[in-house]
Amino acid sequence: MAASLLRRGAVASRRRCPAEALRRLVSSEAAPERAPSRTPPEMPPFEHQPRPYAGMAGAEILEKRKKVLGPSVFHYYQKPLNIVEGKMQYLYDEQGKRYLDCFGGIVTVSCGHCHPDIVNAVVEQTKLLQHTTTIYLHHAIVEFAEALTSKMPGNLKVAYFVNSGTEANELAMLMARLYSGNLSMIALRNAYHGGSAGTIGLTGLQTWKYPIPQGEIHHVMNPDPYRGTFGSDAAAYAKEVEEQITYGSSGRVAGFIAETFQGVGGAVELAPGYLKLAYDIVRKAGGVCIADEVQSGFGRTGSHYWGFQTQDVIPDIVTMAKGIGNGLPLGAVVTTPEIASVLAQKIQFNTFGGNPVCSAGGLAVLKVLDKEKRQAHCADVGSHLVERLKSLQQKHELIGDVRGRGLMLGVELVTDRKEKTPAKAETAELFEKLKDLGILVGKGGLHGNVFRIKPPMCFSKDDADFLVDAMDYAMSGL
């Protein structure tokens, strides 16, 4: 009887206040699906106390940049960061806030910010001799060259030192043309090889190309497993290289250049087996094969020391920069003695290439990478990070692709997985959110919708977990 009265009372209550009853019903049914309230993830602990900063404030620096630096000099973030100190995989702003650096100074800091071994090598050499050029003898450049070429396969035994990846690719293209006696160069769409007048031609992204003569350079289809016309079909892409030579050139070419892992283009790893097929076609047409290792070299991919080794090829010329110096302005071209000899027909000289300070620093980088087993570390941490990112992809439809290997990774964001529509606005919003959470990533791809994850190679599994947890937190809040 009491139960019957209670039921009638409940019905009467719902009749008196139907809106309230509906609200309770909807709330009750929706409760299990509601995202639980979460707190932002915490950055792993790190024993370093940044020095108090008493320099120019970020706002003042920004205003001065606008006045005294060229307008093409851009910055990240709506409110740009004033980074004043770095230590290993972390950076600090003017307020002393710590950030996890997941971009490594655009894939340049290999061993870690201000690594003590490298700092010491640079400082000690600077105290003794900073600069003379190669018109005089100095032990640092030959010691560095010996150590560097010992890392190369085949007959890649001769080094030329320059100051950047752009310079390295310029020199490699010059060598290819002189050695082959031909002019036509082949490069990939979506590639980035530099911003000089010559390497702009090699670059295959319109966002980086000014309207100037490109100079006998032909761009072939990019063997992109995610967005490419032929998916992972290496043979189909290679056939297009052959057709380009047949129909778009005299039938003879100077060379072919490719990044095995496209950096600026959005961390795209070329279709498996592509380079072996392309190299064979190019060599039959009289050309030399150039591997651009500016971003993927020195063990970053984890599985191999050089990116081209993932494709089981040996190039004729290898270019490198960025991680070779851990932040020093240093680049190199390594090739065979036969190809290197073509530059001897004229005077070839680089004022700062292989200077004592950069050579000492570069040698220290190679020693640190070996001593700390960074290649194996990249393989271990990278596999853990990829696994976690792929799990995150299952949770968030926004993630269209997770790619790369080691600590050379890309996460592409799309609004529609079937159409692969670039999620430009969402990427920009998440970019800012991650910065606020203490994480600095890069952006890449033609549409700027790929997070480039290429941190210093001392990046840990705890750092990887923090990164993925922060991405999850930020994406859940969109």
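General remarks:
- Residue satisfying condition, being out of contact with any Ser or Thr (no Cβ under 6 Å at 6 or more places or on another chain) and not in a loop (DSSP other than H, G, I, E, B), within set V342, V357: V342
- Subset tally (residues that are open to solvent by less than 30 Å² (accessible area, probe 1.4 Å) and in contact (Cβ under 8 Å) with a residue 40 or more places away in the chain) for segment 404-428: 8
- Whenever a residue of segment 160-171 is open to solvent by less than 40 Å² (accessible area, probe 1.4 Å), its partners that are part of a strand (DSSP E or B) and of a type in the set (S, T, Y), lying with C-beta atoms within less than 7 angstrom and at least six residues away or across chains, give the pairs G165/T319; A168/T319; N169/T319; L171/Y160.
- Options G195, G204: the member that is under 17 Å from the mean Cα position of the chain (by Cα), closer than 20 Å to S296 by Cβ and surrounded by fewer than 17 Cβ atoms within 10 Å (Cβ to Cβ): G195
- Being assigned to a helix (DSSP H, G or I) and in the same structural domain as G165 (by the TED database) is a property that holds for K127.
- Residue match in segment 449-462 (condition: touching a Leu at 6+ places or on another chain (Cβ under 7 Å), more than 17 Å from Q78 (Cβ to Cβ), aliphatic (A, V, I, L, M) and not in a helix (DSSP H, G or I)): yes
The rows are residues; the columns are (1) farther than 16 Å from V268 by Cα; (2) acidic (D, E); (3) in contact with a strand residue (DSSP E or B) (Cβ under 8 Å, 6 or more places away or on another chain).
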{"site": "D370", "(1), (2), (3)": "yes, yes, no"}
{"site": "E387", "(1), (2), (3)": "yes, yes, no"}
{"site": "Q393", "(1), (2), (3)": "yes, no, yes"}
{"site": "R403", "(1), (2), (3)": "no, no, yes"}
{"site": "L409", "(1), (2), (3)": "no, no, yes"}
{"site": "T427", "(1), (2), (3)": "yes, no, yes"}
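- Residue within segment 251-258 that is over 20 Å from H193 (Cα atoms), outside any loop (DSSP other than H, G, I, E, B) and open to solvent by 20 Å² or more (accessible area, probe 1.4 Å) present: no
- Residues that are under 22 Å from G448 (Cβ atoms) and in a loop (DSSP other than H, G, I, E, B) within segment 204-220 comprise G204, L205, K209, Y210, P211, listed in sequence order.
- For segment 419-448, a residue qualifies if it is part of a strand (DSSP E or B) and more than 16 Å from the chain's Cα centre (by Cα), and the qualifying residues are T421, P422.
- Residue ID - nearest to Y279 (Cα to Cα), chosen from residues in segment 296-315 that are open to solvent by 20 Å² or more (accessible area, probe 1.4 Å) and not hydroxyl-bearing (S, T, Y): I314
- Whichever residue in segment 221-247 is outside any loop (DSSP other than H, G, I, E, B) and of a type outside the set (A, V, I, L, M) and, among such residues, is surrounded by the most Cβ atoms within 10 Å (Cβ to Cβ): Y237
The values are calculated or read from the model by the stated rules, or taken from the named source; none is laboratory data. No experiment lies behind these values; they were computed from the predicted model shown. Every residue, glycine among them, receives a Cβ derived from its backbone with ideal geometry; neighbour counts consider all protein chains shown. Protein only, heavy atoms only, side chains kept; ligands, DNA and RNA dropped before computing areas. Shrake-Rupley method; radii C 1.70, N 1.55, O 1.52, S 1.80 Å.
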